[in-house]
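Scroll down for the structure; my scribbles are underneath it.
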Amino acid sequence: MCVYEACDVSENVFPAETDFGDEVLSGGRVQNILGKQLEEYLGENKVHTTAYEKEHRVKVLETVKAIGEEWIRGIADDSGVEIPDEAIRICTFGSYHLGVDHPESDVDVLILCPKLVDRQKDIFGSLDMHGPGEPEKFRTTLVEVLRKHPQVDQLLAIPDAFVPVVKFVLDGIRIDLISAIIPQAEIPAELDSLSPNSDLFLKMDSSSRQGINAMRISREIIRLVPDEDAFRSTLRAVKLWARRRGVYSNILGYLGGISWTIMTAKVCTIYHPSPPAVLLYKFFQLFAMYWDWPRPVVLAELENKKQSSDLREWNPDLYPSDRRHVMPIITPVNPMMNTSHNVSLSTYRVIMGELVRGYSCMLSLCAEGIENSENCRNLWAPLFERTEFFSWYPTYLKIDVSSENTVTQTRWKGLVESKLRHLLQMLQNFQFKDVHLCADENNATSSNHHSFYFGIDARNWKGSLENVQKLVMSSVSQWVSEELEWQRDDATMKIAYSMSRGEIAHSRNSTGKRVKRKQRRSQRHHQAREGDTLNDREQQHITSVTT
């Protein structure tokens with residue numbers, strides 16, 4: 001058995017007694033009304049895809065498959081190899097496969113290829129494939145086939161990523177395509193033959209195994225949740241909330257989509273059967289108040305099985321680095337992996353502050369729902385209110401990245417974004433009162449420009465603001481020199497940084513209205529990160545709602 005077994009309801013994860021919100025939501029009338037209004041609110045905020053959009057995405061995936069078949073037959077002809085009718089297979093994973101994609105979300109695609117494919121030579125090519133104008137290769141690559149397709153735009157190949165990926169837009173739909181090379185001439189009819197203890201899986205390269213696992217995780221989550229419809233509705237709400245509150249970004253050290261999905265699935269398995277409104281309440285109650293982090297969130301108990309030595313599972317008893325994970329959320333398939341390894345103590349405090357705020361909002365919603373249950377559509381709005389990040393801090397650091405075109409900007413933005421956690425750590429080494437990396441996706445941005453923000457509270461320093469600014473700017477300059485300069489391969493890639501006081505750092509919020517300092521509510525939320533213990537913080541929020 002694994003060292004960390006699946007958490008059971010009987011393990012005293014949380015008290016058995018109910019609270020005020022439980023009592024309110026146990027009533028069928030209020031529960032039904034709140035549930036109906038939640039669905040209406042989510043619908044108004046476009047978290048669903050329409051029937052037309054669903055059909056359009058299906059057609060786009062059919063086009064992706066047709067492009068893949070054209071490409072693989074070209075490789076077979078060049079190699080003089082006969083291939084079966086189904087020489088490749090297209091599989092989806094992530095939000096699209098889970099059924100919670102929204103109109104703006106991308107579609108994650110895994111292409112299964114036979115052993116005659118060489119990833120570097122046949123998919124990406126041996127030369128730099130980032131921009132237009134490359135010479136023809138002896139064997140046409142998948143990237144080249146995509147580039148020449150009339151419906152493909154904004155193509156970006158990233159062969160040196162942890163999992164090599166090709167990003168592109170096809171007929172208006174963003175696609176993230178990864179690959180798995182099956183070590184035999186044909187794609188197996190049953191994908192179960194690619195289980196982690198199979199010989200086929202163990203013979204794959206690391207990138208292929210990562211791709212197969214991504215597909216298996218989505219399928220296993222769907223298998224484990226007892227009510228798919230309730231799970232999907234709850235997950236849509238959780239994802240909307242996380243994006244609005246600036247805690248949805250794995251690359252910036254917060255939680256990514258798979259982490260929020262596993263947490264939601266955990267709640268759905270514990271509290272089945274319950275409608276989405278109740279499950280959403282339980283989500284905040286469980287993870288804000290009762291979950292004993294770093295206790296891992298595990299959906300299913302897994303047995304250790306033979307696996308490749310270069311794809312180890314998460315196990316803090318064996319690996320000291322795993323013991324330092326502050327918020328482990330574990331995949332439900334072997335080999336078990338922590339989806340939240342980027343979370344630091346700093347971003348953990350931000351996530352917990354938002355979870356506690358969410359629980360506080362849910363208690364307020366329950367209280368107001370009793371008094372005004374017939375007209376409660378707007379009761380959900382405070383929970384999903386956009387973050388007030390730009391009214392929390394006395395000083396802000398702004399980092400602007402820009403380039404001349406969309407493809408170059410996508411690559412440049414992604415590179416800078418992947419290094420921001422290192423800058424966050426450098427700034428935290430000064431032991432300022434607080435440093436907060438903003439993950440709000442609604443910052444000022446365009447096709448060739450993006451801004452990142454840090455909120456800095458250095459009021460615990462005895463030195464002047466000018467000295468603080470010198471320290472911060474010097475650190476940023478060092479960070480750019482050490483982390484970015486040597487990887488900047490296009491003269492149009494530019495980066496600029498500046499500091500300003502809170503009143504002028506960002507004069508308008510994401511809806512275009514002028515940001516006001518919403519004194520007490522905003523300060524109370526902000527104080528949740530200022531050094532008081534979690535238990536004290538929880539008690540403050542509960543008291544403020546129930547008194």
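Annotations for the structure displayed:
- Flag if Asn338 is under 19 Å from the mean Cα position of the chain (by Cα) and farther than 28 Å from Ser477 by Cβ: yes
- Wholly within the stretch 17-118, helices (runs of 4 or more DSSP H) carrying at least 1 residues that are under 24 Å from His272 (Cβ atoms) and open to solvent by 70 Å² or more (accessible area, probe 1.4 Å): 20-25, 28-44
- Within the stretch 399-455, if we keep just the residues that are among the hydroxyl-bearing types (Ser, Thr, Tyr) and free of Cβ contacts under 8 Å to residues at least 24 places away in the same chain, the residue that is most open to solvent (accessible area, probe 1.4 Å) turns out to be Thr445.
- Odd one out for Ser403, checked against (1) in contact with a Phe, Trp or Tyr (Cβ under 8 Å, 6 or more places away or on another chain); (2) polar (S, T, N, Q); (3) at positive phi: (3)
- Helices (runs of 4 or more DSSP H) fully within the stretch 177-272 counting 1 or more residues that are in contact (Cβ under 8 Å) with a residue 40 or more places away in the chain, touching a helix residue (DSSP H, G or I) at 6+ places or on another chain (Cβ under 7 Å) and open to solvent by 40 Å² or more (accessible area, probe 1.4 Å): 206-224, 228-244, 257-270
- Criterion violated by Arg488 - all others in (1) charged (D, E, K, R); (2) open to solvent by 60 Å² or more (accessible area, probe 1.4 Å); (3) farther than 29 Å from Asn405 by Cα satisfied: (3)
- Filtered residue count, the stretch 275-301, keeping only those that are in a loop (DSSP other than H, G, I, E, B) and either open to solvent by 30 Å² or more (accessible area, probe 1.4 Å) or touching a strand residue (DSSP E or B) at 6+ places or on another chain (Cβ under 7 Å) (or both): 7
- Candidate set: the stretch 344-373, residues that are of a type in the set (A, V, I, L, M, F, W, C) and open to solvent by 10 Å² or more (accessible area, probe 1.4 Å); chosen: the one farthest from Leu202 (Cα to Cα): Ile370
The values are calculated or read from the model by the stated rules, or taken from the named source; none is laboratory data. Nothing here was measured: the structure is a model prediction, and the numbers come from that model. Don't worry about glycine lacking a Cβ; one is built from the backbone with ideal geometry, like all the others, and counts go over all protein chains shown. Ligands, DNA and RNA are excluded from the accessible area calculation, which covers all protein heavy atoms including side chains. Shrake-Rupley method; radii C 1.70, N 1.55, O 1.52, S 1.80 Å.
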